[in-house]
Amino acid sequence: MTQTAHIMDTGSSPCQVHQCSKCRGDTAYYCVSCPCDLCPQCKENHVKDLQTIDHDVVSHRDKINYIPTQEICVRHPSHVYTKYCEPCQVPVCFHCRKHRTHRQLDVGTSYKTKRQQHRGTIHTIRSEALFYRPVLLTEIKADVKTCHTEFSPLQSEMLTKAQTLKDLIDIVVYDLLNNVLCYFDFKHRCKKQKIKMIRLIVRLRRYEHRYVQPAFTFSALQFLSFTKTALPQIHLTLHTSQLSITESLNKEDVMESLSAIQITERGNRRVGNQCLLKLTSGAELHQSLTVPGVDRCLHISCVTSDRVWVSDRYNLMLTDTTGVPLHRVEDSCSDLYTGIHTVNSESELIYIDRNYNINKLSKDMKTTTTFIETTDFTWRPLSVYWSPSTGDLLVGMYNDDTKTGKVTRYNQSGQLTQTIQNNNTGQGLYRSPNYITENNNGDVVVSDFDAISESGTVVVTERGGRHRFSYTGHSSGSRLVPCGICTDALSHILVCDGRTKTVQMINKDGQFLSHLLTESQEMGLPWSLSYDVNTHRLWVGSGLWYNNKVCVYRYINRQDALTDEHRPRPDEDTMSSSTQAV
């Protein structure tokens, strides 16, 4: 790409100013991947365009490796910073004695290291967050306008509930007052009972006194006569009174009044992919590469936009987008033509080994652990898929005796939490679940093949296991030989058909939409699929013998959301940046 520049005369010497490679603006950034110079506006478009979203865009200062080191120390103004204190994470000068015993690095080295650490975050901010921001701002503005309409009926209902609650409280107060008015009668009865009790005690004491007198002062006949006439009636129980609230106050009425109006927390405001993304007129080849170490590409798992795991029947290789091999798994299963591996959010590889255990390989590829050990060989795993939404592992299983399949779900601790096997009438859903994935709505999507009939189906169940539909082809009477399968950001289901040698696109409800790829395009037999959620690109692997080719396609683009009407005005910028997500 031709780079233009113009010369400025600054008095004593001319100054060359680089211009943007895409317009006449002044250059402020440089794309290392293209390469080209970019002005601020073109840089903004460059990092948001899905075709160049993974490009490495840096400022011109970074391009020429200019790092200012003559910054004055705030604690010692006569000196400049020369080192960076790693434990305290602050720059220091020679006279900063407090940090002399700490580990110190060169300022330039620390600067480059920190920039590299934050590179992924900056890329996400540039390509994703700043793209979503205007769309979110538009939604917030619309919500502000509809607040009155939405809240008016709720306010009326709340006032009605408040009046009902007030009426109930009035009833309580009325009943209480009526009971309190009987206080004087209650007090009078208590005093009366007290007098009776005192008199009774006096008589009892008199009786007891007579009982203990000696016989020479109180004869036997006198005692008998006394007990006949003077023995009082002793009542061990007393009459009591209790205050209570009448039945006119209903507890359920109060609870209903207090709980009928609820505020439900809906989480952070999110932008639906339908508002941000759209299908292009057709799939466009972005790049292709050959994967060393495999003879064909039976399954693909994306790690990042420039690293993928690819497997054939005997090998499992990690490669970059230039085709350079980075790692080989030595103990992967060598008896399956299926989706034997997947990648989790920590960039760890999860795969089926030669003993049909499910292992986990660490991100640094130094540690392998057994995640799920297979002890019952009646059922053996065929395919695995890590769910980004739940963190669960979905496993397609096959029974050699019954020639049937099932899907099992394991939590992050490796515990079995669900088995999907039959529909609501008790019939089996699967024959051989060779590939498995998940859609954005939680549906479990399985590429299922029946070796006896040499045909198969795409079986879709809800997350809970209820059968939704089975797709057997886009026309009645057609046969489907499903291979690799995946879903995209718009909830489309993409499946390779080995019979027609195409990649078919159906919607989330099983309706055929189009042939995304056909045999006439770059690949003779599309077999494996993987969708990169960061760049919205589709990785397709060839199933032909001795064809280790992988093609990367673009068929999704961003909506034209960043128009003038979506751009915030300068006076709105502060407001939108300080608004919290609802």
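The values are calculated or read from the model by the stated rules, or taken from the named source; none is laboratory data. Predicted model only: the values in this text are computed from it and were never measured. Note: ideal-geometry Cβ built from the backbone for every residue, glycine included; neighbour counts use all protein chains shown. Keep in mind that these areas ignore ligands, DNA and RNA; they rest on the heavy atoms of the full protein, side chains included. Shrake-Rupley method; radii C 1.70, N 1.55, O 1.52, S 1.80 Å.
Could you check, for the range 61-75, whether at least one of its residues is surrounded by 14 or more Cβ atoms within 10 Å (Cβ to Cβ), out of contact with any Gly (no Cβ under 7 Å at 6 or more places or on another chain) and at pLDDT below 85? Looking for residues that are surrounded by 14 or more Cβ atoms within 10 Å (Cβ to Cβ), out of contact with any Gly (no Cβ under 7 Å at 6 or more places or on another chain) and at pLDDT below 85, one finds at least one in the range 61-75, hence yes.
Scanning the range 489-498 for residues that are part of a loop (DSSP other than H, G, I, E, B) and touching a residue at least 40 places away in the same chain (Cβ under 8 Å) turns up Ala489, Leu490, Ser491, Gly498.
Here's the yes/no breakdown for (1) within 24 Å of Arg328 (Cβ to Cβ); (2) under 21 Å from the mean Cα position of the chain (by Cα); (3) outside any strand (DSSP E or B):
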site: Lys366; (1), (2), (3): yes, no, yes
site: Thr374; (1), (2), (3): yes, no, yes
site: Arg380; (1), (2), (3): yes, no, no
site: Ser389; (1), (2), (3): no, yes, yes
site: Tyr398; (1), (2), (3): no, no, no
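Apart from one condition, Thr535 fits all of (1) surrounded by 20 or more Cβ atoms within 10 Å (Cβ to Cβ); (2) of a type in the set (S, T, N, Q); (3) assigned to a strand (DSSP E or B); the exception is (3).
Residues in the range 409-456 that are of a type in the set (Asp, Glu) and part of a strand (DSSP E or B) were compared, and the one that is farthest from Leu480 (Cα to Cα) is Glu438.
One residue alone among Thr338, Thr322 is surrounded by 24 or more Cβ atoms within 10 Å (Cβ to Cβ) and in a loop (DSSP other than H, G, I, E, B), and that residue is Thr338. Annotation: His102 fulfils all but one of (1) open to solvent by less than 40 Å² (accessible area, probe 1.4 Å); (2) touching a strand residue (DSSP E or B) at 6+ places or on another chain (Cβ under 7 Å); the unmet one is (1).
I need a count of the residues in the range 284-319 that are small (Gly, Ala, Ser) and surrounded by 20 or more Cβ atoms within 10 Å (Cβ to Cβ). Within the range 284-319, residues that are small (Gly, Ala, Ser) and surrounded by 20 or more Cβ atoms within 10 Å (Cβ to Cβ) number 2.
Against the test of being in contact (Cβ under 8 Å) with a residue 12 or more places away in the chain and touching a Cys at 6+ places or on another chain (Cβ under 8 Å), the options Pro91, Pro134, Pro87 yield a single qualifying residue, Pro91. Among the residues in the range 474-488, are any within 18 Å of Pro526 (Cβ to Cβ), in a loop (DSSP other than H, G, I, E, B) and under 22 Å from the mean Cα position of the chain (by Cα)? There is at least one residue in the range 474-488 that is within 18 Å of Pro526 (Cβ to Cβ), in a loop (DSSP other than H, G, I, E, B) and under 22 Å from the mean Cα position of the chain (by Cα). Scanning the range 365-373 finds no residues that are open to solvent by less than 30 Å² (accessible area, probe 1.4 Å) and touching a Pro at 6+ places or on another chain (Cβ under 7 Å).
Counting only helices (runs of 4 or more DSSP H) wholly contained in the range 51-143, the ones carrying 1 or more residues that are polar (S, T, N, Q) occupy 107-117, 119-124. For the range 321-354, residues that are under 17 Å from Thr535 (Cα atoms), under 27 Å from the mean Cα position of the chain (by Cα) and modelled with pLDDT under 95 total 2.
Condition check ((1) open to solvent by less than 30 Å² (accessible area, probe 1.4 Å); (2) closer than 23 Å to Thr390 by Cβ; (3) not hydroxyl-bearing (Ser, Thr, Tyr)) across all residues:
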position: Val459; (1), (2), (3): yes, yes, yes
position: Arg463; (1), (2), (3): no, yes, yes
position: Ser475; (1), (2), (3): no, no, no
position: Thr487; (1), (2), (3): yes, yes, no
position: Val495; (1), (2), (3): yes, yes, yes
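Scanning for something over 28 Å from Thr425 (Cα atoms), part of a loop (DSSP other than H, G, I, E, B) and modelled with pLDDT under 95, does the range 501-514 turn up at least one residue? Within the range 501-514 (the criterion being over 28 Å from Thr425 (Cα atoms), part of a loop (DSSP other than H, G, I, E, B) and modelled with pLDDT under 95), the answer is yes, since at least one residue qualifies. Scanning the range 113-125 for residues that are touching a residue at least 40 places away in the same chain (Cβ under 8 Å) and open to solvent by 80 Å² or more (accessible area, probe 1.4 Å) returns a single hit, Arg115. Taking the range 546-562 as the range and being surrounded by fewer than 21 Cβ atoms within 10 Å (Cβ to Cβ), assigned to a loop (DSSP other than H, G, I, E, B) and touching a strand residue (DSSP E or B) at 6+ places or on another chain (Cβ under 6 Å) as the test, only Gln559 passes. List the number of the failed condition for Val503; all other conditions in (1) open to solvent by 10 Å² or more (accessible area, probe 1.4 Å); (2) within 30 Å of Val47 (Cβ to Cβ) hold. The failed condition is (1).
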